[in-house]
Amino acid sequence: MDIRAAARNNRGMTVATEPPILLEARALGFFRQDEPVFGPLDFALHAGEIALVEGDNGSGKTTLMRVLTGMLRPGEGEVRVEGATFSLDTMAGTVVFLGHHLGLKFDLSPRENLAVSAGLYGLREGVDAGAALAEVGLAGFEDEPVRRLSAGQKKRAALARLLLVPARIWLLDEPYANLDREGIALVNRLLERHTARGGAALVTSHGAVSFAGGEPRRIRLHA
Ligand SMILES: Nc1ncnc2c1ncn2[C@@H]1O[C@H](COP(=O)(O)OP(=O)(O)OP(=O)(O)O)[C@@H](O)[C@H]1O
């Protein structure tokens, strides 16, 4: 998915400009015991764009996500976020990560988990937790401890965080796992809305993924 931003030049004419790069990998690589896990990898993710990270089991998709979020240090190369060298300080309000572990506190309710996320990552203007939970299909489960939810409902509770926090860059590791057909459509809907308002997303998935906005760019990793 690729959007072109329109801007006026100094003669008042409308010209097409490239949307800004939100996330960039430059010769990025990661090693374990001196063996490359992935890379060197170069890509630039523009505002309004979805890129799909593909690869077999063990090819390094989750490791790439962890490097991009700062959980792992790159073995080589550089991550740039909104044009600046990656730093954990600039990450907090800019990047949100949804990984295999979902980042939920199981003794808290979905609503309480969202309050924790809002405290850490900020709150998108005009969005409240109840509406976000209703949108992901958790109306009636807002105040249940997360440990009592099904796997798919837990995933939906984690997805509600995407609606609430203002981060422009979404890193989604297997966002479709454990979801039914309606849940898969929900993820696509959230992605489409996010990119339409200038956000960007990097998504890993084993399955075929289709977005209404067209073919996403593909980044292929090899085991
Ligand atoms: N904590 C770890 N310690 C040592 N090696 C690890 C660790 N986590 C992953 N690996 C290894 O790193 C490689 C990449 O793993 P990674 O989880 O990034 O792959 P993946 O593409 O996400 O796999 P999958 O599709 O199965 O989720 C694999 O060979 C894996 O065995």
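Would you call residue 159 among the aliphatic types (A, V, I, L, M), modelled with pLDDT of 95 or more and within 16 Å of the ligand (Cβ to nearest atom)?
Considered against the rule, which asks whether it is among the aliphatic types (A, V, I, L, M), modelled with pLDDT of 95 or more and within 16 Å of the ligand (Cβ to nearest atom), residue 159 comes out as no.
Select, from 127, 136, the only residue that is hydrophobic (A, V, I, L, M, F, W, C) and buried (at least 22 other Cβ atoms within 10 Å of the Cβ).
On the way: 127 fails: buried (at least 22 other Cβ atoms within 10 Å of the Cβ).
It is 136.
Checking the condition surrounded by 14 or more Cβ atoms within 10 Å (Cβ to Cβ) and without any contact (Cβ under 8 Å) to a residue 24 or more places away in the chain, which residue from 165, 116 passes?
Working: 165 fails: without any contact (Cβ under 8 Å) to a residue 24 or more places away in the chain.
The unique qualifying residue is 116.
Does residue 47 qualify as being away from the ligand (no atom under 16 Å from the Cβ) and within 29 Å of residue 160 (Cβ to Cβ)?
Details: away from the ligand (no atom under 16 Å from the Cβ): yes; within 29 Å of residue 160 (Cβ to Cβ): yes.
Criteria met by residue 47.
From the list 182, 174, 142, which one is acidic (Asp, Glu), within 19 Å of residue 61 (Cβ to Cβ) and touching a residue at least 24 places away in the same chain (Cβ under 8 Å)?
Numbers: 182 fails: within 19 Å of residue 61 (Cβ to Cβ); 142 fails: within 19 Å of residue 61 (Cβ to Cβ).
Exactly one of 182, 174, 142 is acidic (Asp, Glu), within 19 Å of residue 61 (Cβ to Cβ) and touching a residue at least 24 places away in the same chain (Cβ under 8 Å), namely 174.
Restricting attention to the range 174-194, does a residue exist that is more than 19 Å from residue 110 (Cβ to Cβ), crowded, with 22+ Cβ neighbours inside 10 Å and within 16 Å of the ligand (Cβ to nearest atom)?
No, the range 174-194 contains no residue that is more than 19 Å from residue 110 (Cβ to Cβ), crowded, with 22+ Cβ neighbours inside 10 Å and within 16 Å of the ligand (Cβ to nearest atom).
For residues that are at positive phi and either of a type in the set (Phe, Trp, Tyr) or within 16 Å of the ligand (Cβ to nearest atom) (or both), scanning just the range 56-94, find the one that is surrounded by the fewest Cβ atoms within 10 Å (Cβ to Cβ). It would help to see each step written out before you state the result.
Step one: list which residues in the range 56-94 are at positive phi, which gives 58, 60, 70, 77, 82-83.
Keeping just the survivors that are either of a type in the set (Phe, Trp, Tyr) or within 16 Å of the ligand (Cβ to nearest atom) (or both) gives 58, 60, 70.
Numbers: 58: 11, 60: 24, 70: 16.
Within the range 56-94, the match that is surrounded by the fewest Cβ atoms within 10 Å (Cβ to Cβ) is 58.
If I go through the range 103-112 residue by residue, how many of them are buried (at least 18 other Cβ atoms within 10 Å of the Cβ) and within 23 Å of residue 202 (Cβ to Cβ)?
1
The values are calculated or read from the model by the stated rules, or taken from the named source; none is laboratory data. For clarity, every value in this text was computed on a predicted model and none was experimentally measured. Neighbour counts are summed over all protein chains in view; Cβ atoms, including those assigned to glycine, are modelled from backbone coordinates with ideal geometry.
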